[in-house]
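The structure appears right after this line, and notes come after that.
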Amino acid sequence: MMNYKEHTIKVFAPATVANVACGFDVLGFALQAPGDTITITKTDTQVIEIIDIIGANSLSKNPTNNVVGVAVQTLLNELGSKQGLAIRIEKGVKPGSGVGSSAASSAAAVVAANVLLDAGFSNLDLVRFAMEGERLASGTAHADNVAPSIMGGFTLVRSYNPLDVIRLNTPNDLFCAVIHPQIEVKTADSRGVLQEHISLKNAVIQWGNVGGLVAGLFMNDYALIGRSLQDVVAEPLRSKLIPGFDVVKNAAMVAGALGCSISGSGPSIFALCKGKEIAEKCAKAISEVYENIGIPFKVYVSGINQEGAKVI
Ligand code: HSE
């Protein structure tokens with residue numbers, strides 16, 4: 001497994017689907033692909049340098065303005081270390097896609113630094129460090145992408161203060177179709193359309209569904225998972241930012257999805273399915289929607305990644 005030399009380490013961390021319909025800012029799961037790869041090498045400089053970014057032109061190499069630099073610096077500060085590090089970023093997850101692009105980079109980076117420096121931080125600590133990358137990227141230090149990218153599977157952020165993250169069960173036959181229409185929706189904008197207050201009626205629906213989804217995952221009850229994949233808080237407001245959302249959702253449900261909603265802050269849309277065959281059918285059906293609308297897209301079918309970030 002660990003083919004890195006003494007001074008260098010390479011870590012892959014997966015893309016993630018945050019919110020999972022009902023769990024705004026608290027639920028997420030990891031995809032098998034795509035993902036980001038981070039290589040970190042020790043240097044004598046006492047500073048963090050981002051030496052290369054492959055696969056994304058828009059990202060800054062200034063470590064104070066890049067999620068990777070910020071997340072790793074947070075780890076170094078807590079460790080009390082001034083170790084110089086040279087970091088190479090390979091983006092497999094397109095920024096602004098809604099499948100946790102910044103989170104995959106931050107997650108891979110803190111896992112890499114933890115192993116390279118033999119720092120011994122727990123997964124919960126690493127989530128906390130990677131959240132600082134999310135703060136830079138979107139203005140809010142949410143953990144629903146970084147937690148599953150680091151820990152794998154489905155995760156629930158039970159509490160932010162204090163941070164409490166729970167790894168949930170994944171039914172064996174759960175698959176996901178994700179479609180990424182090639183339009184940009186910035187997380188900050190997508191958070192901007194949300195309302196500060198929700199009605200008690202909607203709160204009751206939402207927390208019923210969060211409980212139902214968590215129970216469904218542990219009980220391997222696909223029908224319960226399907227019934228619980230409902231979002232009355234974010235989706236009604238955010239779906240307006242995604243052309244064709246209602247048609248895509250309808251096509252996914254007709255193709256047999258358990259449920260379909262916005263992935264993270266969008267524009268990607270995910271459909272959870274029982275079995276790979278149905279996920280592939282869904283992927284085909286939702287692809288046809290964007291072909292007809294004339295918006296370029298990328299589509300993925302993936303199982304749920306159980307490993308999370310890993311040394312490669
Ligand atoms: N929970 C976050 C949101 C995920 O929906 O804004 C986006 O990264």
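The values are calculated or read from the model by the stated rules, or taken from the named source; none is laboratory data. For clarity, every value in this text was computed on a predicted model and none was experimentally measured. Cβ atoms come from the backbone with ideal geometry, glycine included; neighbour counts cover every protein chain shown. Each accessible area value is taken on the protein alone, full model and side chains, heavy atoms only, with ligands, DNA and RNA left out. Shrake-Rupley method; radii C 1.70, N 1.55, O 1.52, S 1.80 Å.
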Within region 191-207, identify whether any single residue is open to solvent by 60 Å² or more (accessible area, probe 1.4 Å), in contact (Cβ under 8 Å) with a residue 24 or more places away in the chain and among the basic types (Lys, Arg), and answer yes or no.
-> no
Can Lys298 be described as touching a strand residue (DSSP E or B) at 6+ places or on another chain (Cβ under 7 Å) and among the basic types (Lys, Arg)?
-> yes
Among the residues of region 156-168, is there at least one that is within 30 Å of Val254 (Cβ to Cβ), more than 11 Å from the ligand (Cβ to nearest atom) and free of Cβ contacts under 8 Å to residues at least 60 places away in the same chain?
-> yes
Ile205: within 21 Å of Val26 (Cβ to Cβ) and either within 16 Å of the ligand (Cβ to nearest atom) or in contact with a helix residue (DSSP H, G or I) (Cβ under 8 Å, 6 or more places away or on another chain) (or both), yes or no?
-> no
Looking for whichever is under 20 Å from the mean Cα position of the chain (by Cα) and either open to solvent by 10 Å² or more (accessible area, probe 1.4 Å) or of a type in the set (A, V, I, L, M) (or both) here; the options are Gly96, Gly69. Which one fits?
-> Gly96
Would you be able to say whether some residue in region 256-278 is of a type in the set (A, V, I, L, M, F, W, C), touching a helix residue (DSSP H, G or I) at 6+ places or on another chain (Cβ under 9 Å) and in a helix (DSSP H, G or I)?
-> no
From the list Ala103, Ala119, Ala112, pick out the single residue that is within 16 Å of the ligand (Cβ to nearest atom) and either on the phi < 0 side of the Ramachandran plot or open to solvent by 30 Å² or more (accessible area, probe 1.4 Å) (or both).
-> Ala103
Do you know which of the residues in region 179-190 that are over 27 Å from Gly275 (Cα atoms) and of a type in the set (A, V, I, L, M) is least open to solvent (accessible area, probe 1.4 Å)?
-> Val185
Selected residue [more than 16 Å from the ligand (Cβ to nearest atom), of a type in the set (D, E, K, R) and either out of contact with any strand residue (DSSP E or B) (no Cβ under 6 Å at 6 or more places or on another chain) or farther than 30 Å from Gly208 by Cβ (or both)] from Lys61, Lys94 | Lys61
Meets criteria (out of contact with any His (no Cβ under 7 Å at 6 or more places or on another chain), surrounded by 17 or more Cβ atoms within 10 Å (Cβ to Cβ) and outside the structural domain of Pro95 (by TED's automatic domain parsing)) for Val248 | yes
Those strands (runs of 3 or more DSSP E) lying entirely in region 12-128 with at least 1 residues hydroxyl-bearing (Ser, Thr, Tyr) | 27-43
Does Gly84 count as more than 15 Å from Thr37 (Cα to Cα) and open to solvent by less than 20 Å² (accessible area, probe 1.4 Å)?
-> yes
Kindly indicate whether any position in region 174-184 is within 16 Å of the ligand (Cβ to nearest atom), closer than 27 Å to Val93 by Cα, in a loop (DSSP other than H, G, I, E, B) and of a type outside the set (Val, Ile, Thr).
-> yes
Considering only residues of region 208-232 that are within 19 Å of the chain's Cα centre (by Cα) and among the aliphatic types (A, V, I, L, M), which is surrounded by the most Cβ atoms within 10 Å (Cβ to Cβ)?
-> Leu213
